[in-house]
Amino acid sequence: MEIASLKDCYRIDRAWRDLGLPGEPGKICRSPFPAGHKNGDANPSFSVFADGARWKDFSTGESGSVLDLITKARGCDVAEAIRFVEDRLGIPRSEHKPDAAKKPQIPPLRRGTESELRELAERRGFNTEALRLAERRGFLWFTTFWGHSAWCITDARRALYEFRRLDGHKWPAYGRLPERKCHCLGAGKHWPIGTMESEPFAKVACVEGAPDFLAAFHFLLIEGKEQAVVPVGILGASNHALAPEALAQFKGKVVCLYPHVDDAGRTAARAWARQLNQAAASRVTAFDLSGLVLVDGREGKDLRTFAESARTVWSASENSARYCRERGVFTAPRRV
């Protein structure tokens, strides 16, 4: 579809809602970007006109179309804004396949918009406040990667990055790589994400994979343990041998492992436990998720699926607290 047609089909009032911008669009309204205005734009200086096709900020002098509004709200380029509109209109597009001969580069990372955080939370069953906590601690980022909106897990070392598509789909196959859920750039999977950031904490929740890393923040926040326990993520059960320098950071700490309920997860957990004990961790336990039954009746496989299945429980804070107290995800780990 031509750009002009996209603008005709997708007006500013709809984009305003989809982007999760504050307030309501109108001929005279407050700016959806109050941080850039004196006193938060207390005296409305924003206008949406031309039947929702144009906008103007009389305080800053900025103006534009719906695409310009999207690029400003999301901190992206016009190409990504067009993809945002196409996704909302349900317009199919061909997959962008990267050049297999070209070495991938780390794209610019940024904080997520309200709509991106909400989409990730709803798709995965996470609490949005937990995602904001992961952002504040420097672990969760958003970007455009190979033509798709994506979320990224990394830490202050900036040595390893894992990218997953925000829409939940797999990355297409290219070169010798098959279709896959995630792409990791950088090096050092043997160094758990968040190891250095765990230094001030006496208790560590060591999880397997990026989705479980975010799920850990979800459960920690619900159980009120975010100031007492810190998540650390090992990106894959195949990483049996952890870096000696990383293991040294766990000396004297209480560590609980949360492996996936499969042979690979159990094998990895035993290997990690041996190394942590050798590194003089004060206590090492593991939580056997196979003993937890999901809301839909299935047995839990990992923290992420537990959160996703239990999403109806999290809708009420009272039920959430009771549910967590009864199951004790972070309060009653079991030895395996």
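FYI, it's all coordinate maths here, none of it is from the lab. These numbers were taken from a predicted model, which means no experiment stands behind them. Note that we place each Cβ from the backbone using ideal geometry, even for glycine, and neighbour counts take in every protein chain shown.
Overview of values
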| item | result |
| --- | --- |
| Pairs where the first residue, in the stretch 211-229, is within 16 Å of residue 198 (Cβ to Cβ) and the second is among the polar types (S, T, N, Q) and not in a helix (DSSP H, G or I), C-beta under 8 Å, 6+ apart | 225/331 |
| All strands (runs of 3 or more DSSP E) inside the stretch 173-279 with 2 or more residues being touching a strand residue (DSSP E or B) at 6+ places or on another chain (Cβ under 9 Å) and surrounded by fewer than 18 Cβ atoms within 10 Å (Cβ to Cβ) | 182-186 |
| Subset tally (residues that are more than 20 Å from residue 244 (Cβ to Cβ) and hydrophobic (A, V, I, L, M, F, W, C)) for the stretch 260-277 | 2 |
| Of the criteria (1) in contact with a helix residue (DSSP H, G or I) (Cβ under 8 Å, 6 or more places away or on another chain); (2) touching a residue at least 40 places away in the same chain (Cβ under 8 Å), which one residue 243 fails | (1) |
| Residue within the stretch 21-32 that is surrounded by fewer than 16 Cβ atoms within 10 Å (Cβ to Cβ), under 30 Å from residue 172 (Cβ atoms) and in contact with a helix residue (DSSP H, G or I) (Cβ under 8 Å, 6 or more places away or on another chain) present | no |
| Output for the stretch 9-51, where each listed residue is in a loop (DSSP other than H, G, I, E, B), of a type outside the set (Phe, Trp, Tyr) and touching a residue at least 40 places away in the same chain (Cβ under 8 Å) | 11, 19, 20, 21, 32, 51 |
